[in-house]
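Enquirer: Okay, handing you the structure first.
The values are calculated or read from the model by the stated rules, or taken from the named source; none is laboratory data. The shown structure was predicted, so the numbers you read here are calculated from the model rather than taken from an experiment. Glycine also receives a Cβ, built like all others from the backbone with ideal geometry; neighbour counts cover every protein chain displayed. In case anyone asks, the SASA skips ligands and DNA or RNA and just uses the protein heavy atoms, side chains included. Shrake-Rupley method; radii C 1.70, N 1.55, O 1.52, S 1.80 Å.
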Amino acid sequence: QRGRWLRRGRGGGGGDSWSAPARRTKQPPPNMTRRNLLIASAVSLLACTAHAATVGNEGFTVPPFKCFGAVAKNRYELTSAESDLSGASYDPETGNVFVVNNGDRKVYEISGSGYAYNTLVNTFDLTSISLDLEGISSLGGRKFAVTDENPAKIITVTLGTDGTVTGSTTLSSGITPAAGANLGFEGVTLIGSNYYAVQEQNPAKIWKLPVGGTIAAHSGDLKDTPGYEILSVGGLTRGGDATDEVFLVVKNYKGPGRDATADAYTQSGIFRYELSTNTVLERFGGEVCAMGQPEGLTFWKEGTKVKMLIVGETTQARVYEADVSCTDAIGSISNIMATCEEQTQLTTDCEKTKEDGGCGWRRCDKSQTKHTKICTDDSAATQCTETQCMAHCTNSDFAAADKTAGAANCTHWAYDEKEKECYIFDGCTNEAWDEDYVLYALADPTCERVRGDHALGCKQRRCDKSESVHNKICTDDSTDTQCTLDQCEQKCKDHVDFVCASYAYDVAEKECYLFETCVNEQFDADYSLYVLQDPTCDARRDGAADGPGCNQRRCDKEVTTHEKVCVDDSASQQCTKNECELLCAQKVFTDVSDEAFCTHWAYDAVDSECYLFYGCTGEKYDDDYELFFQNYGERVALQTTAPYLALRDPRVTATTSAATKGFGLLHKNIILGVAAAIAANA
C-alpha cells in the first residue's frame, strides 16, 4: 500500500498533504494517517519543548557538596554578560542561564552546554523598573523574580524571546527596619507558595514573602547562626525540587578553618541552609574562596549530572559537576573542600627598598623596635651618606649594647637627608609618620611585582614549595616539558587546580612553578618570582596630575581605621573625586594619634561616595571603588591650594558656614609654614 500513495511537498500552496493518483479515489489507510500525525506532533513537541523540565519539577535535588569534587570543571570569564555579574538562574524550560549585570541593570540570556555557558541570546534592559538590580530566579513561562537592593524590593517580570520586558509587578517594597544603602536584597527564589530573599548585611537575614501576603523576617541575624558568624551574603537560590532548603552565597563569614582546633577566621563559601530549622547543614569553599566577589549561584540537571554554576564580579564563572547517583552524605565533605585557606592580612607597612624609592616621611617606632642610631648630626664625623646608611644595615652594624639587647639582623633603615642621620632597625614595629626620614626595607619580604611593571620580577626569590600550595608546571626533563616566561605567566592565569596568584620562572632551565599561596618566601638562586596582581595599592592621583588609581579596589573597612565621609543619601552629602582627595588631605584620625594622617582614599564615581583610611589592611576587590595612596608630601601640597581652602564638609548637611568650619581656612598659616619647612628639607 505504501508505494501506492504519494506525499506532495510542493505546489498548490497548501504545504504537505496526502494525494492519491488521479485515476484512484481511495483514501490513505487509517493507520498511516495516525502514524504520520503522531510523527508530526512529536516533531512539533520536540521543537517547542526541548527541555521538558519545569520550575519545581526539574527531577533532581542538589547532591551533597562532597559529590561535586575538589576541582572545578571549568573556570572562565562569562564575557557575554559584559561586567558586574550578580544573580544567576537556570531556566529549565529554555535550557538557558539568565544572569544579572547589576551595574547596568541588565539581564542576559545565555546559552551553552557542558561546562561553558557564554553565548548571548538576549539582552534585557531593566533600568525602568530597578535602581540596583541584584538577584534573579526563573518562575516558568519566561517569567522571573528579580530583586532591587535600594530599597529592598521583589519584582516579577516577563522576559520575552524577542528581548522585550513586560508585565512588571512589584510584590514587595521595603523592609522594617529599613536596609542601609546598598545593603538590601541580593538573591531571591520561589519555593512552593513562598518567595525567599536574602538581605546582604547589617544584618544579613533571610526574608519570606507568601504569595499574595506580606513580607516578614524568616531568620534572625545570620551573624548568630550556630557555628558560623555570617556577616555578608551575595546571593540565594533554590536547589532543584527541594522544598526545605536554600543555598546561600556567603561573601564573608567567620568560622572554623583548615585547622579546626584553631581560632575561627574570615572566609567565603556556599552554604546549604535548612529553612525549617534555620541551620547550616554544610558548606563548600572550593573556587569561591578565591573569587573577587561571588554573588550568583544556580543548579541544573544535565543527563545524569547536576551542574553548579557560581558567578561573581566582574565576569567570573566557575562550574562544578556531581553525579545524581552519588551516595555521599550531607556534611561528609572534607575540611579542605569546605573551608578556605586563611588569608594573610596585607598592610601598607613599608616594604619598599632603595630601588623602589623607599617610603617618605616614615620611620619605625624606635621605642618598640630594636635599633641603633648609627649616624648623628653631632659633627661631620658622625654623619653619613645615604649609601653608607644602607651599608650599615646590610652589615647589621648594631652597637654592642643594642646587640646585647637582642638586635641581630637589620631589616629596615631610615635616613634623614638634611641632617645626614641614620637609623638601622631589626624589624619594624608600629611604623608611623616622621617629618624628617625616608624609610627603606633592606629586602622586600613579599614579592608584589607584576611582570608588566617589573620585567625581571623579584630576582632570586621563590615561595617555599614545602609550605605553599603549588604545581611545577614546566620542567627541564625535555624540550616538550619546558616553557617560556610568557607561557609560564599564561599557565598561571589559566590554571584550574587552584587559583594561581604567583609564579616563579627559571630562565636557564625554562622551568615554571605556579603558587596559590606564597608562604615563607625566600632566596632561590635560579628563579624570579612574579605576582599576577599587585595586592597593595600605591597609586597616587597627585592632584592636578590626575593619575589613575587602583581600579575596583578598597581597603578592608572591617580591619582598617576609616571614615566614610561622603554618602549618596542626598546630593549635599555626596562629593566629587577632587573633594574626596582633599578630604583625605584634611583628615587626621585623632582617635589613633595626632599624626595619624589619612594615607588612602577610595572613590565611587557612580554614587559619588568617599572613604578615607589610615593605613590599608586587607586590601581587596570592590567593584564600585577606585583606590589611591596619598603620601605626606601630597597632603601638604594639596593643603596650600585654593580648592582646599574653600573645601566644604559633606557631613554637614546644612548649607551654612558650618560646612567649611574646621577645614582649610582654619589651618592656612600652619600649613604654609609646614610646606616651607618641607621645601627647605627637600
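Enquirer: Using the alpha carbon gyration tensor of the stretch 251-400, what are the three equivalent-ellipsoid semi-axes (square root of 5 times each eigenvalue), largest first, in whole Å?
Expert: On the way: eigenvalues 600, 63, 34 Å².
Calculated on Cα positions only, the semi-axes equal 55, 18, 13 Å.
Enquirer: Same structure again: Can you pull the accessible area of C518 for me, 1.4 Å probe, Å² to the nearest 10?
Expert: 50
Enquirer: A follow-up question, please. Can you send over the carbon and sulfur percentage of the accessible area for the chain, probe radius 1.4 Å, protein chains only? List each step's numbers first, then the result.
Expert: Values: 15270 of 31040 Å².
That share works out to 49 percent.
Enquirer: To the nearest 10 square angstrom, how much accessible area does L456 have with a 1.4 angstrom probe?
Expert: The accessible area comes out at roughly 110 Å².
Enquirer: What are the ³J(HN,Hα) values, in whole Hz, obtained from phi via the Karplus relation 6.51 cos²θ - 1.76 cosθ + 1.60 with θ = phi - 60°, for each residue of the stretch 198-212 in sequence order, with x given for Gly and Pro?
Expert: Per-residue couplings from phi come out as 10, 7, 4, 6, 6, x, 6, 7, 9, 10, 10, 10, x, 4, x Hz.
Enquirer: Under a 5 Å amide H to amide H cut-off, with H placed in plane at 1.01 Å, what residues pair with Y265 once short-range neighbours are removed?
Expert: Under 5 Å from the amide H of Y265 lie the amide H atoms of G255, G257, each far enough along the sequence or on another chain.
Enquirer: Okay, moving on. Note down the accessible area of S396, probe 1.4 Å, to the nearest 10 Å².
Expert: Rounded to the nearest 10, that gives 20 Å².
Enquirer: Hey, another quick one. Starting from the amide H of L231, placed 1.01 Å from N in the peptide plane, find each other amide H under 5 Å away whose residue is 5 or more places distant or on another chain.
Expert: N252, Y253, K254
Enquirer: In addition: Largest first, how would Y228, Y320 line up by accessible area (1.4 Å probe)?
Expert: Y228, Y320
Enquirer: Follow-up. May I ask you to rank H412, H470 by accessible area, largest first, using a 1.4 Å probe over the protein chains only?
Expert: H470, H412
Enquirer: What whole-number value in Å² describes the accessible area per residue of the stretch 351-440 for a 1.4 Å probe? Can you show the working numbers first?
Expert: Values: 4440 Å² over 90 residues.
Result: 49 Å² per residue.
Enquirer: Per 10 Å bin, what is the whole-percent P(r) computed from every C-alpha pair distance within the stretch 379-443?
Expert: Taking all Cα pairs of the stretch 379-443, the binned fractions are 22, 52, 25, 0 percent.
Enquirer: Quick check on the chain: helices-only [θ] at 222 nm, where DSSP H runs of length 4 and up contribute -39,500 (n - 2.57) each and the sum goes over total residues. Nearest 500, please.
Expert: Mean residue ellipticity at 222 nm (helix-derived): -3500 deg cm²/dmol.
Enquirer: Rounded to a whole number, what is D in µm²/s for the stretch 67-223 from Stokes-Einstein with the Kirkwood radius over alpha-carbon pairs (20 °C, 1.002 mPa s)?
Expert: The estimated diffusion coefficient comes to 133 µm²/s.
Enquirer: Please arrange D104, D132 by accessible surface area, largest first, computed with a 1.4 Å probe and ligands excluded.
Expert: D104, D132
Enquirer: Please work out the average accessible area per residue across the stretch 287-344, using the 1.4 Å probe convention, and give it in Å².
Expert: I get 36 Å² per residue for this part.
Enquirer: Per residue and in cubic angstrom, what volume does the convex hull of the Cα atoms of the stretch 137-283 have? Please report the intermediate quantities before stating the final value.
Expert: Working: hull volume 17.5 nm³, N = 147.
Roughly 119 Å³ of hull volume per residue.
Enquirer: How high is the relative contact order of the stretch 328-485, in percent, with contacts defined as C-alpha pairs under 8 Å that are six or more residues apart? Show your work: numbers first, answer last.
Expert: Numbers: 237 pairs, mean separation 41.8, N = 158.
Once normalised by length, the contact order is 26 percent.
Enquirer: Next question, about the same structure. Per 10 Å bin from zero, what fraction in whole % of the C-alpha pairs of the chain is there, up to the bin with the longest pair?
Expert: The percentages, shortest bin first, are 3, 13, 19, 21, 18, 12, 7, 3, 2, 1, 1, 0, 0.
Enquirer: For the modelled label position 7 Å from the Cα of Q573 along Cα-to-Cβ, which residues of the stretch 591-611 have backbone nitrogen atoms closer than 16 Å?
Expert: Once the point is set 7 Å along Cα→Cβ of Q573, 604, 607-611 turn out to lie under 16 Å by backbone N, inside the stretch 591-611.
Enquirer: Next up: Using each residue's phi in the stretch 243-258, evaluate 6.51 cos²θ - 1.76 cosθ + 1.60 at θ = phi - 60° and report the 3J(HN,Hα) Karplus result to the nearest Hz, with x for Gly and Pro.
Expert: After applying 6.51 cos²θ - 1.76 cosθ + 1.60, I find 10, 10, 8, 10, 10, 9, 8, 8, 7, 7, 9, 10, x, x, x, 4 Hz.
Enquirer: Step through the table entries K564/K587; K352/K510; K352/K472; K354/K465; K254/K557; K208/K251, compare each Cα-Cα distance with 19 Å, and write down the pairs that go over it.
Expert: Those over the limit are K352/K510; K352/K472; K354/K465; K208/K251.
Enquirer: Once fully extended, how much extra length lies between E595 and A260, figured as 0.36 nm per residue of separation less the alpha-carbon to alpha-carbon distance?
Expert: 116.5 nm
Enquirer: Can you list the HN-Hα couplings for the stretch 495-512, worked out from phi with the Karplus curve (6.51, -1.76, 1.60; θ = phi - 60°), rounded to whole Hz and with x for Gly and Pro?
Expert: Values per residue, Gly and Pro as x: 4, 10, 5, 7, 7, 6, 10, 9, 9, 10, 10, 9, 5, 6, 8, 6, 9, 9 Hz.
Enquirer: Here's a follow-up. With the contact rule set at Cα under 8 Å and sequence spacing of 6 or more, what percent relative contact order holds for the chain?
Expert: In percent, rounded to a whole number, it is 9.
Enquirer: Using the C-alpha atoms of the stretch 59-98, what convex hull volume per residue, in cubic angstrom, is computed? Spell out each step's value before the answer.
Expert: Numbers: hull volume 4.7 nm³, N = 40.
Spelled out: Cα convex hull of the stretch 59-98, divided by residues, is 117 Å³.
Enquirer: Straight-line reach only, C-alpha to C-alpha below 18 angstrom: list the lysines that K307 could link to, leaving out same-chain residues fewer than 8 apart.
Expert: Here the lysines satisfying the reach criterion relative to K307 are K66, K73.
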